[in-house]
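The values are calculated or read from the model by the stated rules, or taken from the named source; none is laboratory data. Here the structure is a predicted model, which is why all the values come from computation and not from measurement. Virtual Cβ from ideal backbone geometry, glycine too; neighbours counted across all protein chains shown. Note: areas computed on protein heavy atoms with side chains; ligands, DNA, RNA excluded. Shrake-Rupley method; radii C 1.70, N 1.55, O 1.52, S 1.80 Å.
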Amino acid sequence: DEMGDQIDTGTDDLLASLDAGVLTLTLNRPEARNAMSGGMTAGLASQLASAELDPNVKAIVLTGAGKGFCAGGDVKGMAASGDGTVGDNTIDGAIHRQRVNQRATAGKLYNMPKPTIAALPGAAAGAGLSLALACDLRIMSSNAIMTTAFARVGFSGDYGGTFFMSQLVGSAKARQLYYLSERVSADQALDLGLTNWVCEPDELESKTLEIASQLASGPTVAFRYMKENFARAISSGDVDDCLDLEATHHVHCGQTEDHRNATKAFVEKKEPVFNGR
């Protein structure tokens with residue numbers, strides 16, 4: 001990746017670069033199909049935490065190095081430790097650490113007040129699929145696949161996948177894909193609504209950047225509130241709460257410089273330029 005400013009993530013397992021408002025986070029263990037490591041999870045958590053508060057970051061792309069997106073948890077590492085309590089011999093400690101890790105990664109992508117895109121060059125499986133589904137939007141290479149994979153190794157699933165997938169495809173289909181661990185092709189994912197776009201493998205990077213750049217030059221304040229509106233619509237679901245929150249956010253956006261400039265541009269038949277305030 002020659003573009004943008006490289007950011008030191010503290011680990012080789014995660015690459016980060018910022019270019020024209022787009023923060024690209026690349027899961028970087030290609031030899032293990034980008035299976036999650038402790039360093040990768042910690043790096044992702046710290047990069048997302050700083051990106052949330054960094055005004056220079058307008059949109060976030062999560063992708064994988066090489067041929068895969070993310071194979072999920074490191075099954076080889078699990079097989080070595082035996083019971084999933086890697087690095088902590090108490091079950092309570094392991095549960096708490098995983099809760100913290102999940103909230104700082106999948107939870108942060110979902111709650112981040114900025115648009116997030118997962119770009120899948122190849123397979124997203126298990127917790128890797130959960131991370132992709134936590135993002136606002138997904139774009140897949142035509143040869144990429146999705147699979148929950150958990151049932152195949154006797155796991156019930158983690159990193160929010162049951163929540164995200166239920167919202168995207170409905171409860172019965174989500175259960176089918178979890179219970180049976182079916183491989184979902186890119187075209188099937190598009191039909192199901194699990195991905196927004198499918199493109200040829202050699203176009204994935206340019207198409208992703210095109211979408212991310214459009215988001216990065218968009219109305220930052222409005223996106224923040226749109227995203228909160230969607231999250232509230234799902235979590236509380238009460239129509240009056242959603243209507244009230246929308247009204248507050250709508251009037252607030254009406255006070256922004258971006259809104260005023262954009263309405264003026266509209267009247268003058270010009271393209272709006274947004275400054276995020």
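Computed quantities for the displayed model
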{"read-out": "Options ALA233, ALA222; residue that is in contact with a helix residue (DSSP H, G or I) (Cβ under 9 Å, 6 or more places away or on another chain), modelled with pLDDT of 95 or more and assigned to a helix (DSSP H, G or I)", "value": "ALA222"}
{"read-out": "Selection from segment 243-277 of residues that are in a loop (DSSP other than H, G, I, E, B) and small (Gly, Ala, Ser)", "value": "GLY276"}
{"read-out": "Tally of residues being more than 26 Å from the chain's Cα centre (by Cα), of a type in the set (Gly, Ala, Ser) and surrounded by 15 or more Cβ atoms within 10 Å (Cβ to Cβ) across segment 218-277", "value": "1"}
{"read-out": "Test for THR148: is it buried (at least 23 other Cβ atoms within 10 Å of the Cβ), modelled with pLDDT of 95 or more and more than 12 Å from the chain's Cα centre (by Cα)", "value": "yes"}
{"read-out": "Selection from segment 177-219 of residues that are of a type in the set (S, T, N, Q) and part of a helix (DSSP H, G or I)", "value": "GLN188, SER206, THR208, SER213, GLN214"}
{"read-out": "Qualifying residue in segment 151-162 (condition: touching a residue at least 60 places away in the same chain (Cβ under 8 Å), out of contact with any strand residue (DSSP E or B) (no Cβ under 7 Å at 6 or more places or on another chain) and loosely packed, with under 15 Cβ neighbours inside 10 Å)", "value": "yes"}
{"read-out": "Members of segment 143-166 that are in a helix (DSSP H, G or I) and over 15 Å from LEU190 (Cα atoms)", "value": "PHE150, ALA151, ARG152, VAL153, GLY161, THR162, PHE163, PHE164, SER166"}
{"read-out": "Residues being without any contact (Cβ under 8 Å) to a residue 12 or more places away in the chain and closer than 20 Å to LEU129 by Cα - total across segment 176-219", "value": "3"}
{"read-out": "Out of LEU190, LEU180, LEU137, LEU131, sole residue that is under 11 Å from the mean Cα position of the chain (by Cα), open to solvent by 20 Å² or more (accessible area, probe 1.4 Å) and of a type in the set (A, V, I, L, M)", "value": "LEU137"}
{"read-out": "Checking GLU200 against (1) farther than 21 Å from ASN101 by Cα; (2) among the charged types (D, E, K, R); (3) buried (at least 17 other Cβ atoms within 10 Å of the Cβ), the condition it does not meet", "value": "(3)"}
{"read-out": "Search result, residues across segment 119-142 that are hydrophobic (A, V, I, L, M, F, W, C), closer than 14 Å to THR208 by Cα and part of a strand (DSSP E or B)", "value": "ALA119, LEU120, LEU137, ILE139, MET140"}
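Rundown of residues vs (1) modelled with pLDDT under 95; (2) on the phi > 0 side of the Ramachandran plot; (3) in contact with a Leu (Cβ under 9 Å, 6 or more places away or on another chain), yes/no style:
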residue: THR90; (1), (2), (3): yes, no, no
residue: ALA94; (1), (2), (3): yes, no, no
residue: ARG97; (1), (2), (3): yes, no, no
residue: THR105; (1), (2), (3): no, no, yes
residue: LEU109; (1), (2), (3): no, no, yes
residue: GLY122; (1), (2), (3): no, no, no
residue: ALA125; (1), (2), (3): no, no, no
